[in-house]
Amino acid sequence: MISSEPLDERPSFDLEDLRRHRDKDEQYIIPPDHPKQTIILLGRSGVGKTTIVNVIDDSLYCPPISLLHHPTQKPQPHQIGGLRIIDTPDIFDQQNKLSKCKITNHNLLINQFSIPFIDNTVPLFGLVFSVHQGINADDITAMLNFKSKFTQLSPKMMLILTHCEEKLEHQRRDLINELFEHSRLMNSGMRDFFERGILFMGRIRRESLENNDRKALLFEHGHVMDMRNEFIRRCLEKDSFAVLSLNHRLRDLYHFYVQRFYNIITRMGWKCLVYLCPVISIVIYMYLRYRKGNIEITEIDKIMESPTPTPPMTSPPSKPIDMPSITYCRKGLWYGKSNENF
């Protein structure tokens, strides 16, 4: 059992009643011992990464008051059945960049801490944000910076939104649509970046425990159960075990942008032809002009590089050459042998 609050600090009747109700529910999932999977939770401090770990271990988890704002100082692995969840400290700096985070084929580096990959296999990654006070501009910037730096992780990425224990299914769906319709995310391909999907997580609220609100506890725990089961199912999906090599960054970027281009064409339909035809025509025209200019320059270079034959030495002419005389007039220069005609 991962850190949980002492029994004497919580209303035992309501939690024990919930526990009996949960144990009778056949939908309660415990991560099996096999297959084994690893997921690393990334995000700012205080977004709920540690709470996710505890809720996966026990759906009735509710942090005591003393741990409500206790930041993680170093990576902490937790083994729950065959699922290994690694809690991490804050990966963003004050500018919402990832200057203290680096990834290789063998490990993840956060500050001075190294998280090795088991069997050099790239694990799953969960980028965690809290919706307790809504997604703000800093969250959008952090999300864009993460995608820009770790584009190659797309096949292993999932987005996790916390503090969703009170949100109904249609409210979660509206939240996702509102997020990705943001002006800064709309054309960024952010939704396609999270190929492992978008998950929601939450926990039993302390206010419900302190007020002995049975109805609220049943409501919140039901949502927590559903979100927890979906989290486990996504982590253990067959596709989540696909091997990802980080040595082929350019190839991964190519496939990512090709997929993004295909998605844009699919969404726009016939309208894309109206925009693409002029663009393609301009690109072809500029390419042909470029090719023509290169060919002409190449021919000139060949001529300039070819040796110029030295003319033979000849003796000076025996008599001077008869040059036409030049006559000036008011309107310009006139050429001729004499001035008789002027």
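The values are calculated or read from the model by the stated rules, or taken from the named source; none is laboratory data. Keep in mind the model is a prediction, meaning the values are calculated, not measured. Heads up, the Cβs are rebuilt from the backbone with ideal geometry, glycines too, and the neighbour counts pull from every protein chain shown. Only protein heavy atoms, including side chains, enter the accessible area calculation; ligands, DNA and RNA are left aside. Shrake-Rupley method; radii C 1.70, N 1.55, O 1.52, S 1.80 Å.
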| Failed item, numbered, when G46 is tested on (1) at pLDDT 90 or above; (2) open to solvent by 50 Å² or more (accessible area, probe 1.4 Å) | (1)
| task | Give the number of residues within region 114-172 that are touching a Pro at 6+ places or on another chain (Cβ under 9 Å), part of a strand (DSSP E or B) and either over 23 Å from Q76 (Cα atoms) or in contact (Cβ under 8 Å) with a residue 60 or more places away in the chain (or both). | result | 1
| query | Looking only at residues in region 121-152 that are in contact with a strand residue (DSSP E or B) (Cβ under 9 Å, 6 or more places away or on another chain) and surrounded by fewer than 17 Cβ atoms within 10 Å (Cβ to Cβ), which one is modelled with the highest pLDDT? | reply | K149
| said: Can you tell me how many residues within region 173-195 are open to solvent by less than 30 Å² (accessible area, probe 1.4 Å) and either within 15 Å of the chain's Cα centre (by Cα) or in contact (Cβ under 8 Å) with a residue 40 or more places away in the chain (or both)? | reply: 8
| Does L41 count as assigned to a strand (DSSP E or B) and within 14 Å of M201 (Cα to Cα)? | yes
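So that you can scan it fast, the table gives a plain yes or no per residue for (1) among the aliphatic types (A, V, I, L, M); (2) at negative phi; (3) modelled with pLDDT under 65:
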{"residue": "R205", "(1), (2), (3)": "no, yes, no"}
{"residue": "E210", "(1), (2), (3)": "no, yes, no"}
{"residue": "E237", "(1), (2), (3)": "no, yes, no"}
{"residue": "N247", "(1), (2), (3)": "no, yes, yes"}
{"residue": "L276", "(1), (2), (3)": "yes, yes, no"}
| remark: Only one of (1) closer than 21 Å to R203 by Cβ; (2) open to solvent by less than 10 Å² (accessible area, probe 1.4 Å); (3) of a type in the set (G, A, S) does not apply to G82, and that is (1)
| Looking at region 12-25, is at least one residue open to solvent by less than 70 Å² (accessible area, probe 1.4 Å) and modelled with pLDDT of 90 or more? | no
| Looking at region 196-214, which of the residues that are of a type in the set (K, R) and within 18 Å of I52 (Cβ to Cβ) is nearest to the chain's Cα centre (by Cα)? | R196
| field | Only listed residue being in contact with a Gly (Cβ under 9 Å, 6 or more places away or on another chain), at pLDDT 90 or above and not β-branched (V, I, T), chosen from F219, F231, F256 | value | F231
| N111 being open to solvent by 30 Å² or more (accessible area, probe 1.4 Å) and over 20 Å from T72 (Cβ atoms) | no
| Scanning for something β-branched (V, I, T), assigned to a helix (DSSP H, G or I) and either out of contact with any strand residue (DSSP E or B) (no Cβ under 8 Å at 6 or more places or on another chain) or buried (at least 21 other Cβ atoms within 10 Å of the Cβ) (or both), does region 217-235 turn up at least one residue? | yes
| message | If I ask for residues that are in contact with a helix residue (DSSP H, G or I) (Cβ under 6 Å, 6 or more places away or on another chain) and farther than 20 Å from T162 by Cα, which ones from region 29-42 would you list? | response | P31, Q37
| query | Does D57 satisfy the condition of being more than 23 Å from the chain's Cα centre (by Cα), exposed (fewer than 15 other Cβ atoms within 10 Å of the Cβ) and charged (D, E, K, R)? | reply | no
